[in-house]
1. Could you identify the single residue in Lys101, Lys110, Lys129 that is among the basic types (Lys, Arg) and modelled with pLDDT of 95 or more?
2. Only one of (1) part of a helix (DSSP H, G or I); (2) free of Cβ contacts under 8 Å to residues at least 24 places away in the same chain; (3) basic (Lys, Arg) is not met by Lys110, so which one is it?
3. Among the residues of region 12-55, count how many are over 15 Å from the mean Cα position of the chain (by Cα) and part of a helix (DSSP H, G or I).
4. Of the residues in region 63-74, how many are hydrophobic (A, V, I, L, M, F, W, C) and either farther than 14 Å from Glu25 by Cβ or in a loop (DSSP other than H, G, I, E, B) (or both)?
5. Would you be able to tell me the number of residues in region 52-82 that are touching a residue at least 40 places away in the same chain (Cβ under 8 Å) and either within 22 Å of Glu40 (Cβ to Cβ) or basic (Lys, Arg) (or both)?
6. Take region 49-59 and flag every residue that is surrounded by fewer than 18 Cβ atoms within 10 Å (Cβ to Cβ) and either of a type in the set (Phe, Trp, Tyr) or under 25 Å from Gln18 (Cβ atoms) (or both).
7. Would you check which residues across region 71-97 are at negative phi, surrounded by fewer than 18 Cβ atoms within 10 Å (Cβ to Cβ) and of a type outside the set (Lys, Arg) and list them?
Amino acid sequence: MLSQLRGVKADTGIVGLQALPNAREVLREKLTDVLQAVSEQVPEQAEYRKAVEATMNYRLKAVDSEASDEEVEEQFTMQLEQLIKQCEDELGLIPKMAEWKPWDVPADHKVSMHMEEFVDDASRQDKPK
């Protein structure tokens, strides 16, 4: 039935990324996995978690909609298989972020700023004449 909705997709046209006949179901599962992993491993107040949850919930809403697979792909300007790959990458990143804890910055931590001076092309002396 899904292949009738989506059409038969022989490949993604992307080297190393196979077409999946059940890509929508796989994507739904991966999106849910990411949401679960981030909620279990990253503090609720962390901006990283908020960004991941917002992105995955937005994508999940589209996947759960009545839109066709092609319409969902058009909405995200990428194939469902690419979205699956992104979820898999995120699932690999979440434990690393939990280990690194970039949200745990001491209150007295100072960030040094290095400013670069930009030279206007008109004032360059080495400019050919």
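The values are calculated or read from the model by the stated rules, or taken from the named source; none is laboratory data. Predicted model only: the values in this text are computed from it and were never measured. Heads up, the Cβs are rebuilt from the backbone with ideal geometry, glycines too, and the neighbour counts pull from every protein chain shown.
1. Only one candidate qualifies: Lys101.
2. For Lys110, the exception is condition (1).
3. Matching residues across region 12-55 total 9.
4. 1
5. So the count comes out to 1.
6. So the first thing to find is which residues in region 49-59 are surrounded by fewer than 18 Cβ atoms within 10 Å (Cβ to Cβ), and the list is 50-51, 53-55, 57-58.
Answer for region 49-59, where residues must be surrounded by fewer than 18 Cβ atoms within 10 Å (Cβ to Cβ) and either of a type in the set (Phe, Trp, Tyr) or under 25 Å from Gln18 (Cβ atoms) (or both): Thr55, Tyr58.
7. Glu71, Glu74, Gln75, Phe76, Met78, Gln82, Glu88, Asp89, Leu91, Gly92, Leu93, Pro95
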